[in-house]
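Read-outs: derived from the displayed coordinates by stated rules, not from any lab. Just so you know, these numbers come straight off a predicted model, no measurement behind them. Neighbour counts are summed over all protein chains in view; Cβ atoms, including those assigned to glycine, are modelled from backbone coordinates with ideal geometry.
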Amino acid sequence: MESVANILSVSYPALTELSVSIAQHIDVTEHTAFQFPILQGTRWPRLKKLSIGCGLSLYPPPYGFDSLNPPNIHEKARLMASFLERHPTLECLRFRGYDSFFPYAGCIPPNSLPILRSISVSYFMSVISMASFLPIEVGVHLHYFQGLVTRECLSLLAQLTNLRRCEVSVPPDIVEDFFQSIPFLKRLSLNCTRSQRQRCSYTAIVSSLAPTAATSLTLFLA
């Protein structure tokens with residue numbers, strides 16, 4: 001039977017925005033994700049915005065939830081890279097699901113997405129950082145980023161001078177260094193969650209916030 005993704009590709013070739021999600025009341029587990037394999041054989045020449053919600057698997061069998069061994073991870077990265085290279089018109093990417101996006105090295109080719117301005121990978125905010133998947137050649141065009149920032153990201157962040165807005169999760173021990181890396185940001189939403197080993201006070205966290213050009217600041221401290 002033809003997949004939903006292929007039907008959409010054939011029936012709606014002029015799409016500029018595509019947003020797909022699963023209703024919250026539907027019981028979707030790691031092993032019953034709705035198959036929405038758009039990465040293989042689909043193309044929307046005018047696509048500007050792609051938003052994928054939870055409970056959707058973009059990867060065709062056998063590259064599903066249980067395929068986390070290295071060969072399958074590399075194949076997932078290849079499938080994603082091929083899809084992105086076919087859609088150079090993308091300006092906004094938003095991923096919310098466990099199997100909608102695997103941010104591993106090579107999944108975003110350096111020569112792809114020349115006009116990408118926004119990327120959001122919220123599911124992985126506490127798992128995998130932007131340094132794992134975002135090449136500088138793509139990152140320099142971004143105006144908005146949502147995701148996890150680790151110490152490995154700071155040198156990359158400092159080069160993304162077109163960034164104007166971030167919604168990020170940052171470990172408390174790098175907050176000061178993080179702020180020093182992004183003096184050009186205008187709007188910042190910062191999630192700073194202490195682990196059991198990180199007993200620093202909220203006062204210590206806030207006092208480490210270095211001056212920036214930001215005109216809007218939202219803090220979530222836990």
Simple spin-label estimate for residue 46/residue 152, 7 Å along Cα→Cβ, in nm, reads 4.0
Cross-link reach from residue 76 to lysines, straight Cα distance under 29 Å and at least 8 residues apart if same chain, gives 48, 49
If each K or R counts +1 and each D or E counts -1, the residues other than residue 106 whose Cβ falls under 14 Å of its Cβ total -1
Here the FRET efficiency for residue 176 versus residue 75, based on Cβ atoms and R0 = 45 Å and rounded to 0.05, is 0.65
Residues other than residue 46 with Cβ under 15 Å of its Cβ, Lys/Arg counted +1 and Asp/Glu -1, net out at +2
So, over other residues within a Cβ distance under 13 Å of residue 92, counting Lys, Arg +1 and Asp, Glu -1, the net charge is +3
